[in-house]
1. If you count only protein heavy atoms and use a 1.4 Å probe, how large is the accessible surface of Met1, to the nearest 10 Å²?
2. How big is the antiparallel share of DSSP beta bridges in the chain, given as a percent to the nearest 5?
3. Test of understanding: in a Gaussian network model of the chain with alpha carbons linked when under 10 Å, which of Ala61, Ala153, Ala212 would top the mean-square fluctuation ranking?
4. Ignoring ligands and nucleic acids, what accessible area does Tyr81 show with a 1.4 Å probe (Å², nearest 10)?
5. Could you please put Cys108, Cys208 in sequence from largest to smallest accessible area, using a 1.4 Å probe?
6. Let me cross-check Leu116: its accessible surface, 1.4 Å probe, with only protein heavy atoms counted, in Å² to the nearest 10?
7. Need one number: nm distance between label points at Val227 and Ala90, each 7 Å from Cα along Cα→Cβ, rounded to one decimal.
8. In the structure displayed, which of Lys71/Lys131; Lys71/Lys152; Lys57/Lys95 lie more than 28 Å apart, Cα to Cα?
Amino acid sequence: MNTLKLERQGRVVTVRLHRPHVLNALSAELLAELLDALRPLDTDPDVGAFVVTGSEKVFAAGADIKEMAGKSAVDMAHEDYFSGWEEFAAFRTPKIAAVSGYALGGGCELVMMCDLVIAGESAVFGQPEIKLGVIPGIGGTQRLTRLVGRAKAMDLILTGRTMNAREAERAGLVSRVVPDDRITTEAEQAAEAIASYSRTAVTAARECVDRAENSSLSEGVLFERRVFHALFATEDQKEGMSAFLEKREPRFTGR
Ligand code: CAA
């Protein structure tokens, strides 16, 4: 792999974006390598979580401007440029972003495709595409607006200004802010905790939370209740509740 480093520890797979000469700009090659690496792992029952991270200085400074600059509208349409990112977004394995430094443009959009975001104090988020004569193209106008609301999304997308980790946390883009040197540890600990639970329950929980974005409250609550009922068909529900009552640690199998 030219653009990524992959490490597996137990049930957690950590992907480190690695194109340091261009601040981890997200090229077509990087996307292809990311999808090729994670696709088989997404259905591997022995994998419980992904951590996505960059370097200390930069998570990712956006889509690769050099790669895009000369393309025509027809090229973009024929290649359906960026559409592959939706495959990444749709992976069912929980994804945790560990961010220090810049997460701009496509980098910020990649963060927003993750389920948990652990940001270092140095993290900087933004959608500066307007400064390049374009707009966000990997879901930024949609996901940022859902996450932080219209007022702040408009501010960030129309002015191209950035926000620091604390503002991003207050706005709802970031789950936790920690010292920079703690991001990977904190993300991996969260990943290990998630990976230790019932895979079936974790998947169900993610689907229910995501449903909140696309349904009315009453539809969403009904969906959640039905999924909750269905989990009583799993061995893990029996194991989790028995373990609690017997005052022992549960042993989940994902069944
Ligand atoms: N694409 C390609 N190359 C990039 C890049 C990007 N997104 N961001 C940085 N680089 C390259 C620079 O061209 C530079 O290369 P050279 O050494 O060959 O000149 C190298 O990385 C280092 O960058 P800087 O010298 O600019 O580093 P800096 O520390 O002075 O500034 C920065 C850092 C503020 C992040 C600045 O690099 C920057 O503004 N980058 C672009 C951010 C941006 O506009 N992102 C949006 C991209 S478009 C997009 O993402 C569309 C979408 O919705 C998907």
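1. 120
2. 30
3. Ala212
4. My reading of the accessible area for Tyr81 is about 40 Å².
5. Values: Cys108 0, Cys208 30 Å².
So the residues, ranked largest to smallest area, are Cys208, Cys108.
6. Accessible area, nearest 10 Å²: 40 Å².
7. 1.7
8. The answer is Lys71/Lys152.
The values are calculated or read from the model by the stated rules, or taken from the named source; none is laboratory data. Just so it is clear, the model here is predicted, and its values are computed rather than measured. Virtual Cβ from ideal backbone geometry, glycine too; neighbours counted across all protein chains shown. The area values use the complete protein model at the heavy-atom level, side chains included, leaving out ligands, DNA and RNA. Shrake-Rupley method; radii C 1.70, N 1.55, O 1.52, S 1.80 Å.
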